[in-house]
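No value in this document is a laboratory result; all are computed from the given coordinates. Computed from a prediction, not measured in an experiment: that's the story for all the values here. Cβ atoms come from the backbone with ideal geometry, glycine included; neighbour counts cover every protein chain shown.
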Amino acid sequence: MSISCQQQQQQNQMGTKPHYTEDFIHANGIKLHYLDWGGPGQTLILIHGLGDSPYIFQDLAASLCKNFRIIAYSRRGHCKSEATDMLYDNSTLVSDLKLLLDSLNISKASLLGWSMGGNEITEFAIRYPERTNKLIYFESGYDLSDVAFNNIVKTIPKSPLPDSSDLETFDAYRKWYHNYWFADVDWNPALEANLKATTRINPDSTVSIIPSDHIFKIILETAKSYHRDYKMIQAPALAIYSKPFFVPPVKNENIVSAYGEMEKNIINPWRLRNMNQIRAELKNITIKEMPIGSHTSLLFLSRDSIIECIDSFLLKE
């Protein structure tokens, strides 16, 4: 049984478990999992990035549902949604998003895409302008087909995939995950819920990751093949950026130095070029840089600024 958004906010402030309606849609040969926080006003769909789940949004959703109906779903191959062998191209992922709206009888929605989720919301807005209210590029205002992004992936000083020792137990994996992706954030219930939703504990207590390394790499490669044509978008858009893209996952002097060099020489020029592109090509764009946080940690470290920013943007006539 779901509860009202107001009750959920009260429970969230008290530190108790957040509540939402959890369900699946079945159509076109795929099963997709979603969470629905309820709320009044227009619908806002939250799309997580590669390797995450809708549970990572639970703190943000509990606040945003004061003014909007908040829904977050698991992209195919993630969390409790079904996986397929090869179908992870952007066209297929956009069809999944449309399937969600159709199945829930949502005629029009605003869309928030985090990281690679920016690909889906871009193409959806181009294909279905009549069903797109507003777009929020949440640290996702980047064209991943840009050769510089491929250079970033190739030159990351420390692999984004855990090794076998990190997968020996859930506690070991939690430690790796925290240090690699959220080193500047205190561990919290949303991160714990997200971690549990993106892992499977094997009979020998080792951990398997959802999505698998194989699917992770397929999604990454297909994401890099989609070139964004912002000029085709009619909907108003908000692009939220962090200032540093990465926070070094370890306090090793050589690793920290390598990340600093990569940020300065590759990432910053790429970020600036993408910000200029989205500013020049999107007809109605608002760009905001958050005060603190990286590509991943801004969700928590700039939480209040993000909520204020989204509320202002979506409530504006």
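Taking label points 7 Å from Cα along the Cα-to-Cβ direction, residue 145 and residue 255 give a separation of 3.5 nm. Average projection, convex hull of the Cα set of the range 21-113: 5.5 square nanometres. Among bridges DSSP assigns within the chain, what percent are antiparallel (round to 5)? DSSP beta bridges in the chain are roughly 40 percent antiparallel.
Scanning the chain for trypsin sites (Lys or Arg not before Pro) in DSSP loops with at most 10 neighbouring Cβ atoms within 10 Å leaves 1-250 as the longest stretch between them. Taking loop as defined by DSSP and a crowding limit of 15 other beta carbons within 10 Å, which GluC sites (Glu not before Pro) in the range 65-166 fit? For GluC sites (Glu not before Pro) across the range 65-166 that sit outside H, G, I, E and B with at most 15 neighbouring Cβ atoms in 10 Å, the list reads 82.
Its DSSP H runs of at least 4 residues, each contributing -39,500 (n - 2.57), put the calculated 222 nm mean residue ellipticity of the chain at -11500 deg cm²/dmol, to the nearest 500. Counted over the range 15-69, the DSSP beta bridges are approximately 90% antiparallel. When the C-alpha to C-alpha distance is required to be over 27 Å, the pairs from 158/196; 80/217; 134/196; 66/316; 80/175; 80/264 that qualify are 134/196; 80/264. With contacts taken as Cα pairs under 8 Å at a separation of at least 6 residues, the chain carries a relative contact order of 18 percent.
Evaluate the charge dipole of the range 66-105 about its Cα centre and quote only its size in Debye, nearest 20, assuming +1 on the Cβ of each Lys and Arg and -1 on the Cβ of each Asp and Glu.
It works out to roughly 340 debye.
Taking amide H as placed 1.01 Å from N in the peptide plane, the amide H of residue 43 sits under 5 Å from that of 69, 110, each at least 5 places away or on another chain. Per residue, the convex hull around the alpha carbon atoms of the chain comes to 134 Å³. Across the range 249-290, the residues whose backbone nitrogen lies under 14 Å from the label position 7 Å along the beta-carbon direction of residue 243 are 289-290. Each residue of the range 289-297 was assigned a 3J(HN,Hα) from its phi angle through the Karplus expression (A = 6.51, B = -1.76, C = 1.60, θ = phi - 60°), giving 9, 7, x, 9, x, 9, 3, 9, 7 Hz with x at Gly and Pro.
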